[in-house]
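All remarks here apply to the structure that follows.
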Amino acid sequence: MMIGKRMEQALNEQIKHELESAYLYLGMVAYFQAEGLDGMAGWMEVQAQEEIAHAMRFFRYINERGGRVELKALAQPQKEWASPLEAFRAAYEHERFITGKINDLLKIAEEEDDNAAEIMLQWFVTEQVEEESSTKRVVDLLARVGDSGHGLIMVDRELGTRRAEAAGAEGRSA
Ligand code: FEO
């Protein structure tokens, strides 16, 4: 069954939201790099890559269903944050915003009796639980560390391991 116009439009909007997520997180990569926090920069770079993968899931889905992908203009992301904690707080809030968008899409799928879209969106429901939980975990870590320079370095080092894991996973699947 070919995709309905309403669903097609909503999914095209979601491609934009996912690419804007990547853009926002790349802005954070640049901020962390400027602050000398390479571990956090690496963590956010992996996050940005995941967002591009999310966008591509919607991109391919629209195409598979006989729809037409339409790319929108992206908003310029924020450039500075008051602290690493504030940056991760913004990332967490952004993920909550995205979860809301996924829930909106599910509502549209229900209203349009689009079972295929509903099933495709289930993956994102699970993914958003993970996205909120992983960013919230860092927010909580940074909140606990407070103004301790030593603590910040420890968190930076721990977050840096995510990039190594992601690189290892890429190596395995290649
Ligand atoms: Fe694509 Fe982080 O949600």
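A short reminder: the numbers here are calculations on the coordinates, not readings from a lab. Please read all numbers here as calculations on a predicted model, not as lab measurements. Every residue, glycine as well, gets a Cβ built from its backbone with ideal geometry; the counts of neighbours run over all protein chains shown.
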TM-like helix rule applied to the chain (DSSP H, alpha carbon span at least 20 Å on the long axis, mean Kyte-Doolittle at least -0.5) gives 5-34, 38-64, 84-111, 115-145
When ASP113, ASP156, ASP38, ASP140 are arranged by how many other beta-carbons sit within 10 Å of their Cβ, fewest first, they go ASP113, ASP140, ASP38, ASP156
What's the Cα-based Rg to Rh of the chain, Rh via Kirkwood? 1.02
About the Cα centre, and with charges only on the beta carbon of Lys, Arg (+1) and Asp, Glu (-1), how big is the dipole of the chain? Nearest 20 debye, please. 240 debye
Across the chain, how many lysine pairs, 8 or more apart or on two chains, come within less than 23 Å at their alpha-carbon atoms? 12
